Structure formats: structure tokens, C-alpha cells
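The values are calculated or read from the model by the stated rules, or taken from the named source; none is laboratory data. As the structure is a prediction and not an experimental result, all values here were calculated from the model. Cβ placement follows ideal geometry from the backbone for every residue including glycine, while neighbour counts extend to all protein chains displayed.
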Ligand code: ICS
């Protein structure tokens with residue numbers, strides 16, 4: 001794509017909108033030293049965005065997968081209903097009485113509650129939840145009207161907690177608290193750190209190489225496939241945050257020797273706070289794609305530096321790769337030479353590019369709904385990011401070293417040495433790894449979706465439910481990379497095969513021949 005072609009698309013906007021959107025789009029040019037993008041700012045009212053709200057990021061994304069907690073949505077029924085099981089974060093429990101993932105619990109606020117206040121109703125719902133479910137923990141997530149009428153959910157939660165002796169956590173994650181779900185991630189991270197992580201008694205993990213997996217939500221079973229491999233190599237998974245996760249696991253997460261971070265966008269706050277509070281470093285991993293998986297496993301082994309662990313890692317990698325390569329090869333024949341758009345929320349827009357490349361598909365346009373500049377440009381830009389009024393809405397939690405439990409897991413000298421080899425406390429931005437000439441778009445909207453499709457005619461478009469059917473009506477197979485279209489897992493070795501199979505099915509389906517795309 002040339003700058004001129006991009007300008008022609010932008011020229012169709014009214015001038016004020018054009019000025020705004022220009023800052024959210026660029027064509028990758030490695031010769032330019034730093035390509036800055038605007039991100040994590042308000043969507044222009046009236047534009048059809050794919051973004052969600054702060055409540056979605058808090059209750060839906062970070063809290064929702066925690067299975068032994070009952071998550072109460074305080075608000076009108078729509079918010080609870082539309083976040084009911086749609087994300088496909090799976091869970092199974094050894095204790096079937098402590099898995100509430102299939103339920104949708106809401107206060108179902110009515111007009112009279114909006115007028116007279118919803119606190120009494122919320123207290124009553126918490127009582128009912130304790131009575132019926134006896135969960136290990138309860139969360140209350142506020143929706144927009146709750147904040148507008150001023151219900152004090154923290155006071156209601158505190159009172160219920162002393163009534164019942166069960167932790168009741170209140171999240172002021174009203175939808176409008178931020179410009180997207182990203183605000184909700186941060187709000188959830190803060191309270192999990194404050195109230196759950198470290199609340200357990202354990203001082204030592206029960207096994208070798210104890211790790212936490214952060215930012216892995218077990219969509220379509222991703223975490224299970226990753227854990228299968230990690231456990232075989234010999235790791236002890238203390239907790240997963242938060243896929244198939246639980247209050248019971250999370251409260252002892254301080255016992256890990258290393259924190260892995262899959263989706264940094266949603267959970268880098270906890271990763272940083274764990275390092276400050278307990279002295280546990282975090283390692284950026286990407287379990288999507290064969291190369292990503294192998295590299296992550298090797299980096300983990302390097303961190304622990306144990307010869308036997310390194311050898312076992314290589315043994316498992318060799319076996320798994322040999323097993324799946326012929327399967328991938330067969331799908332690659334169908335996919336080779338094709339192009340993709342990859343537009344997902346806050347980290348998958350980047351994470352899936354490697355897997356696409358492995359089956360011969362080049363990502364020519366990519367972006368995030370709600371990521372921040374560091375997700376595009378790399379973590380080093382964080383100090384230069386301007387904090388605007390919207391960001392200041394979200395409280396910053398300041399933690400300090402835990403007097404009893406802080407222990408540097410790695411000496412400062414060793415840490416410096418390791419940082420030269422593996423991504424500890426660091427991640428590269430999406431733009432850094434993309435080819436020159438590819439387009440990077442923040443908060444892609446409906447109009448731009450159609451324009452870029454006409455311009456680039458991608459063979460496949462990876463995104464979500466909101467635009468899937470519009471894209472398909474344009475004759476392009478659309479692959480949902482949020483819910484995986486009811487398929488998965490896509491992470492790890494077996495996940496790569498599933499993904500290659502599903503994408504190939506998209507191309508092999510004759511249905512596209514019945515649709516006339518708009519450019520023909
Ligand atoms: Fe992270 Mo949909 Fe994750 Fe990411 Fe996040 Fe969401 Fe999903 Fe998407 C998510 S936590 S729900 S990897 S599992 S909010 S697919 S940033 S938008 S790309």
C-alpha cells in the first residue's frame with residue numbers, strides 16, 4: 001500500500017475525524033526510526049468500533065474465568081446476559097461444587113432500583129449466592145448505571161463479607177471508566193493483587209520449577225494444551241491467571257519462582273507488582289505458533305538454567321515438532337501464498353502472526369482494538385506515554401516489597417545476564433516484527449474495514465463476531481480469533497494443527513464462490 005492510497009481512504013472522512021484517525025494508522029517503514037501511533041484514546045462518537053467496555057475487561061476478561069468464585073453483575077440484565085459464556089473460557093473442577101462458570105448472576109436492576117438505589121438488592125443477591133452456592137469468593141462488578149446513581153458497592157461488599165465470612169470483592173468497573181476494556185483489566189488486576197494473591201498460607205510451592213501463567217484465559221482450552229507440555233517437561237503450575245483458575249490457586253501465587261506472561265496487555269500490572277512485592281521476575285512468552293511455543297519453552301529452561309530441564313525441554317520439543325510437522329505441511333499446501341488481516345483485541349493481533357506465517361500466510365494488515373502504544377512500539381516507550389484524563393480515572397495501586405515474603409529469585413547480576421538472552425520484563429511491539437509496507441491500524445472501524453478489504457483483498461480476515469459476517473458477505477473467510485468460532489485450542493503444538501486445519505477449511509469451502517465481492 002502506498003501513502004497515497006492510504007490518504008485516499010482518509011480523505012473520505014470529515015476533516016476533524018481525518019485528523020484523529022490519521023494518528024491511529026501507519027504503514028510500516030523500518031527506515032523511519034520511531035513510528036509513533038496513537039492508542040488507548042477515545043473512539044470518536046458515532047464510529048462503529050469493535051471495542052468493549054471497562055466492565056467487559058474486568059468481569060468478562062480477567063475475573064470471569066475464575067471458577068470457584070460467583071461473579072455478580074450489579075446492573076440491568078443486559079450486561080450480565082451478553083457476557084454469559086460468550087468468551088469460551090473453559091474450566092473443569094475436581095470439586096464440582098466449586099465451578100460456577102456456567103452461571104450468570106445479576107441483580108437485574110429495574111427502573112425503581114435506578115430511582116431509589118440498588119444497594120439493598122445487591123446485598124440480598126449476595127446473601128442468596130452464599131446460601132445457594134457457598135463459593136470460595138464472590139465478586140461484584142459494577143455496570144454504568146451503578147456508578148451514575150452512586151451505589152456504594154464497596155460498603156455493601158464489606159458488610160456482606162463480615163456477615164458471611166466469605167471474601168466479597170467489589171469492582172468499580174463501570175463501563176465508562178475507561179475508553180475500552182483495557183481499563184477494566186487494570187481495575188481487576190489491582191483488586192486481585194490487593195485481596196487475593198498472597199492471601200494464602202503456603203510459603204513454598206509443592207513441586208519443582210514452580211511457575212504462574214499470567215494472561216492465559218483458556219479460551220477453547222488453550223491453557224490445557226500449554227499445561228500438558230509444561231507439566232511433561234517438569235514444571236509445577238502454581239496458578240493460571242485466570243484461565244481455568246481459582247481463588248484457591250491464586251491466593252498462593254506468591255510461591256512461584258517465575259511468572260510467565262502470555263497476554264501482557266491484560267495483566268502486565270500484576271506481573272510488575274509481583275516482581276516488586278515478592279521479587280519474582282516475569283518472562284514474556286508466546287505459546288501461539290510452533291516457533292513461539294518452542295522459543296518460550298527454551299527461554300523458560302534458560303531462566304532456571306538446570307541442565308536436566310534444558311535436556312527434557314529439547315526432548316519434548318523434538319518429539320512434538322516431529323509429530324505435528326507433517327500435519328502442518330499438509331495444510332500449508334492449501335494456505336501457502338495467501339494474505340491475512342489480523343485485527344484482535346490487545347495482544348492476539350500480534351501473537352497470531354507467527355502462526356499464520358508458519359502455514360504460509362502473510363499478515364498484511366494488523367491492529368488492536370484497545371492496546372496501548374507499548375503493544376505497538378515496544379515496552380521501552382512506556383515512559384513517554386502521555387497520561388490523559390481517561391487514564392487517570394483508573395486508580396494506580398502502589399505495592400512495596402513484602403517484609404516476610406520478598407526474596408530475589410535471581411541475583412541482580414544474573415538477571416542482567418539473563419536479560420541479554422531472554423525477554424525478562426520486556427516485550428517487543430507488533431510494529432517491530434512486521435514487514436515494511438504492512439499496515440498497522442489502531443481501533444479499526446467499520447468504514448476502514450471495508451475500505452482496506454477493497455484495497456488489499458485479503459484471503460482471510462481474523463477478527464471477531466462484530467465484523468465477521470460483514471466480512472463474509474464481502475466474500476472473504478473470517479476467522480474469529482476471540483472465540484475461535486467454537487473451535488480450539490489454538491495454543492501450543494496441538495493448537496497449531498487445529499488452527500491450520502480450521503483456516504484450511506475456510507479456504508477449501510466452496511461457499512465463497514457463491515458470493516460476488518464488491519470489487520467484481
Ligand atoms: Fe489479552 Mo477477545 Fe485475551 Fe486479547 Fe484480552 Fe479480549 Fe480475548 Fe482478545 C483478549 S485478555 S477477550 S489475549 S482472551 S480483552 S480475544 S488482550 S479481545 S486479543
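Any residue at all in the stretch 494-507 that is at pLDDT 95 or above and under 30 Å from residue 22 (Cβ atoms)?
There is no residue in the stretch 494-507 that is at pLDDT 95 or above and under 30 Å from residue 22 (Cβ atoms).
A quick yes/no check of all residues on (1) away from the ligand (no atom under 16 Å from the Cβ); (2) under 20 Å from the mean Cα position of the chain (by Cα); (3) surrounded by fewer than 24 Cβ atoms within 10 Å (Cβ to Cβ); (4) closer than 25 Å to residue 481 by Cα:
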site	(1), (2), (3), (4)
48	yes, no, yes, yes
55	no, yes, no, yes
62	no, yes, no, yes
65	no, yes, no, yes
72	yes, no, no, no
76	yes, no, yes, no
81	yes, no, yes, yes
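What number of residues within the stretch 163-203 are within 15 Å of the ligand (Cβ to nearest atom), touching a helix residue (DSSP H, G or I) at 6+ places or on another chain (Cβ under 6 Å) and in a loop (DSSP other than H, G, I, E, B)?
Residues that pass the stated criteria total 3.
Matching residues to (1) within 20 Å of residue 347 (Cβ to Cβ); (2) loosely packed, with under 15 Cβ neighbours inside 10 Å:
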{"position": "384", "(1), (2)": "no, yes"}
{"position": "392", "(1), (2)": "no, yes"}
{"position": "396", "(1), (2)": "no, yes"}
{"position": "400", "(1), (2)": "no, yes"}
{"position": "417", "(1), (2)": "no, yes"}
{"position": "423", "(1), (2)": "yes, no"}
{"position": "452", "(1), (2)": "no, no"}
{"position": "458", "(1), (2)": "no, no"}
{"position": "477", "(1), (2)": "no, no"}
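Take the conditions farther than 22 Å from residue 38 by Cβ and not in a helix (DSSP H, G or I) and apply them to residue 490. Does it pass?
When the stated conditions are applied, residue 490 passes them.
Limited to the stretch 445-466, what total is found for residues that are away from the ligand (no atom under 13 Å from the Cβ) and within 23 Å of the chain's Cα centre (by Cα)?
Going through the stretch 445-466 one residue at a time, the tally reaches 5.
When you scan the stretch 29-46, do you find a residue that is assigned to a helix (DSSP H, G or I) and either away from the ligand (no atom under 16 Å from the Cβ) or in contact (Cβ under 8 Å) with a residue 24 or more places away in the chain (or both), even just one?
The answer is no; no qualifying residue exists.
Out of the residues in the stretch 352-383 that are within 20 Å of residue 185 (Cα to Cα) and assigned to a strand (DSSP E or B), which is nearest to the ligand (Cβ to nearest atom)?
Here the answer is 368.
From 309, 327, which residue is under 26 Å from residue 462 (Cα atoms), more than 16 Å from the ligand (Cβ to nearest atom), touching a helix residue (DSSP H, G or I) at 6+ places or on another chain (Cβ under 6 Å) and assigned to a helix (DSSP H, G or I)?
The conditions single out 327.
Considering (1) in a helix (DSSP H, G or I); (2) within 16 Å of the ligand (Cβ to nearest atom); (3) more than 16 Å from residue 338 (Cβ to Cβ), say which one residue 499 fails and leave the rest.
(3)
Of the residues 163, 158, only one is modelled with pLDDT of 95 or more, surrounded by fewer than 22 Cβ atoms within 10 Å (Cβ to Cβ) and touching a strand residue (DSSP E or B) at 6+ places or on another chain (Cβ under 8 Å); which?
Within the list 163, 158, the selection yields 158.
Given (1) at pLDDT 95 or above; (2) within 16 Å of the ligand (Cβ to nearest atom); (3) out of contact with any helix residue (DSSP H, G or I) (no Cβ under 7 Å at 6 or more places or on another chain), where does residue 85 come up short, assuming only one miss?
The one condition residue 85 does not meet is (1).
Which of the following residues is surrounded by fewer than 22 Cβ atoms within 10 Å (Cβ to Cβ), more than 12 Å from residue 342 (Cα to Cα) and modelled with pLDDT of 95 or more: 473, 435?
So the residue among 473, 435 that is surrounded by fewer than 22 Cβ atoms within 10 Å (Cβ to Cβ), more than 12 Å from residue 342 (Cα to Cα) and modelled with pLDDT of 95 or more is 435.
I'm told residue 349 meets every condition in (1) in contact with a strand residue (DSSP E or B) (Cβ under 7 Å, 6 or more places away or on another chain); (2) crowded, with 16+ Cβ neighbours inside 10 Å; (3) outside any helix (DSSP H, G or I) except one. Can you identify the failing condition by its number?
The number of the failed condition is (3).
Scan the stretch 389-407 and tell me whether some residue there is over 27 Å from residue 187 (Cβ atoms) and in contact with a helix residue (DSSP H, G or I) (Cβ under 8 Å, 6 or more places away or on another chain).
yes
On the basis of being within 16 Å of the ligand (Cβ to nearest atom) and touching a strand residue (DSSP E or B) at 6+ places or on another chain (Cβ under 6 Å), does residue 225 make the cut?
When the stated conditions are applied, residue 225 does not pass them.
Among the residues of the stretch 316-337, are any farther than 26 Å from residue 299 by Cα, surrounded by fewer than 19 Cβ atoms within 10 Å (Cβ to Cβ) and in contact with a strand residue (DSSP E or B) (Cβ under 9 Å, 6 or more places away or on another chain)?
Yes, some residue in the stretch 316-337 is farther than 26 Å from residue 299 by Cα, surrounded by fewer than 19 Cβ atoms within 10 Å (Cβ to Cβ) and in contact with a strand residue (DSSP E or B) (Cβ under 9 Å, 6 or more places away or on another chain).
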